[in-house]
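Enquirer: A single structure is presented below for examination.
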Amino acid sequence: MIIAIAGCAVLVALGAWIGHLYGGMIDLRVYRMGGSVLLHGDSLYDAKLPGGSNLPFTYPPFAAIAMVPLGAVPWGVALVVWTTISVLCITALWRASLTKTFWSFVTQRKRTAVLIALTVLSLLLEPVWQTIQFGQINLLLTAMILLDLIRPNDARLRGFWLGVTIGIKLTPLPILALLVVTKQWRALRNAVLGLLATMAIGFAIVPHQSWRYWTDVILDANRVGGIAYTGNQSFNGFLHRIGDEASWVQPTWFVLSAAFGLAVLWLARKYWLADERVTAISVMALAVLYASPITWSHHWVWIIPLGVSLIRGVNRIWGLNPAVVTGVLFYGLFVLRSIWWVPYRDDRELDWTFWQSIPGNSHLIVGMIAFILLVITSRGLPRQSTPEAAPPA
């Protein structure tokens, strides 16, 4: 199975490269720039990607250290290896998200074919394809978090890889709150150790760059791009598209994020105590997506496990047929890529009509509908009083 799926992933990577489908792989170029800068001893946070984009490196120093191998190999090798890893992560997400009940209806011989089919079809999803064509790291981080936290509670260093993902890209940080409200103290300890390990490695190898990042660069929100851009599918992006730089935008964003975060924590805890781990983690990811200052559309690769969780919830309450329809609509809306149907860039988002704002904010709308449905379908979930003693998913 592994060889067949890996072969499929390599073919996808090579085929897209040969067909010039990547659109420049701009983020992979930024990652390689970070690794290359460290190899040459230059200033990491002063470097700009050549070629007119002038994009800076915005990630913690550990991310640049991890990208040194990609910066050391030829571009073609880095492109194929990175894309292969991303495609394999799609497969891993489907395999982790689908339940034992689903796999019980699929013969061992057909499981590989099912996973390959789901992996290839996932490339039609806007967040997934955006991640692939930009060479983004989202699929890898999502797979690391999900595969880490669904492990049995007594698994060695469970939670550590969550901490490592935070040390690579800060956005998963709010997921630590799930560990707190479900009293997963060992996993929380391991996550903190993982984050501290990445910081320690950064200070050991590039102390000056690390000090600059954690005391200065981390506070510079202007390094990540335009907030009102349609690709920013977060509360903050939505509010800036309505009010631009109005004084009420930032306080409203804070209140919305806090209120939604508390609602997400309540629901995620409810699913976790019912041993619905994939659903709990996927719901928690919604808090990250909505509350982050910048949530590019490719960050929404969490829709893979979220969609599976939604289908399961609808099936539990209303049956198979509504569940199938829900799944088709949920994933289908992301295939449509409607956020790109409307005028964008150069602040044209500020002039959207009401009807243009619907497709322009469609990730947010679909995600909120999914959240509401998961609240409704959480009725009747079994409850457990000892989270640490819950059986593995």
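Enquirer: Per DSSP helix of 4 or more residues, -39500 (n - 2.57); summed, then divided by the residues of the chain. What does that give at 222 nm, rounded to the nearest 500?
Expert: -20500 deg cm²/dmol
Enquirer: Something else now. Rounded to the nearest whole Å², what accessible area per residue is found for the range 102-144 with the 1.4 Å probe?
Expert: With the other protein chains kept in place, the range 102-144 gives 43 Å² per residue.
Enquirer: Leaving out ligands and nucleic acids, and using a 1.4 Å probe, what accessible area per residue does the range 43-89 come to in Å²?
Expert: 38 Å²
Enquirer: Moving on to the next point. Viscosity 0.890 mPa s, temperature 25 °C: give me the Stokes-Einstein translational D for the range 12-156 in µm²/s, with Rh taken as the Kirkwood radius over C-alpha pairs.
Expert: 146 µm²/s
Enquirer: Semi-axes of the equivalent ellipsoid of the range 266-393: what are they in whole Å, largest first, if each equals the square root of 5 times a C-alpha gyration tensor eigenvalue?
Expert: They are 31, 17, 11 Å, listed from largest to smallest.
Enquirer: OK, next. Just to be sure I follow the definition: excluding the sites themselves, where is the longest run in the chain that has none of the chymotrypsin sites (Phe, Trp or Tyr not before Pro) in a DSSP loop with at most 14 other Cβ atoms within 10 Å?
Expert: Values: sites that count: 105, 248, 341.
In the chain, the maximal stretch lacking such sites is 106-247.
Enquirer: Each residue of the range 369-375 in order: what ³J(HN,Hα) in whole Hz does its phi give by Karplus 6.51 cos²θ - 1.76 cosθ + 1.60, θ = phi - 60°, with x for Gly and Pro?
Expert: Karplus values, whole Hz, x for Gly and Pro: 4, 4, 4, 4, 5, 5, 5.
Enquirer: Sticking with this structure for a sec: Which one of 164, 219, 340 is farthest out on the positive end of the charge dipole of the chain, using unit charges on Cβ (Lys, Arg +1; Asp, Glu -1) and the Cα centre as origin?
Expert: The one lying farthest along the dipole's positive direction is 164.
Enquirer: So which residue, out of 370, 155, 268, gets the largest mean-square fluctuation from a GNM of the chain using Cα contacts under 10 Å as springs?
Expert: Among 370, 155, 268, the largest mean-square fluctuation in the Gaussian network model of the chain belongs to 155.
Enquirer: Sorting 195, 39 by accessible area (1.4 Å probe), largest first, what list results? Could the numbers behind the result be given before it?
Expert: Numbers: 195 35, 39 95 Å².
Result, largest first: 39, 195.
Enquirer: May I pose another question? Of the lysine pairs in the chain, how many meet both conditions: Cα atoms under 25 Å apart, and a spacing of 8 or more in sequence or different chains?
Expert: 5
Enquirer: Hey, another quick one. Counting only the heavy atoms of the protein chains, how much of residue 182 is accessible to a 1.4 Å probe, in Å² to the nearest 10?
Expert: 0 Å²
Enquirer: Further, regarding this structure: Can you work out the PRE-style zone for residue 211? Point 7 Å along Cα to Cβ, and I want the residues of the range 55-99 with backbone N under 16 Å.
Expert: 61
Enquirer: On the protein heavy atoms, probe 1.4 angstrom, tell me the percent of accessible surface of the chain carried by carbon and sulfur.
Expert: 68 percent
Enquirer: I would also like to ask the following. Which order do 32, 109 take when ranked by solvent-accessible area (1.4 Å probe, heavy atoms of all protein chains), largest first? Working shown, then result.
Expert: Values: 32 45, 109 215 Å².
Ranked list, largest accessible area first: 109, 32.
Enquirer: On to the next question. Quick one: 3J(HN,Hα) in Hz for the range 130-137, Karplus 6.51/-1.76/1.60 with θ = phi - 60°, rounded, Gly and Pro as x.
Expert: 4, 4, 5, 6, 8, x, 6, 9
The values are calculated or read from the model by the stated rules, or taken from the named source; none is laboratory data. The shown structure was predicted, so the numbers you read here are calculated from the model rather than taken from an experiment. With ideal geometry, Cβ positions are generated from the backbone for all residues, glycine too; neighbour counts draw on all protein chains shown. What goes into the accessible areas is simple: the full protein's heavy atoms, side chains included, and nothing from ligands, DNA or RNA. Shrake-Rupley method; radii C 1.70, N 1.55, O 1.52, S 1.80 Å.
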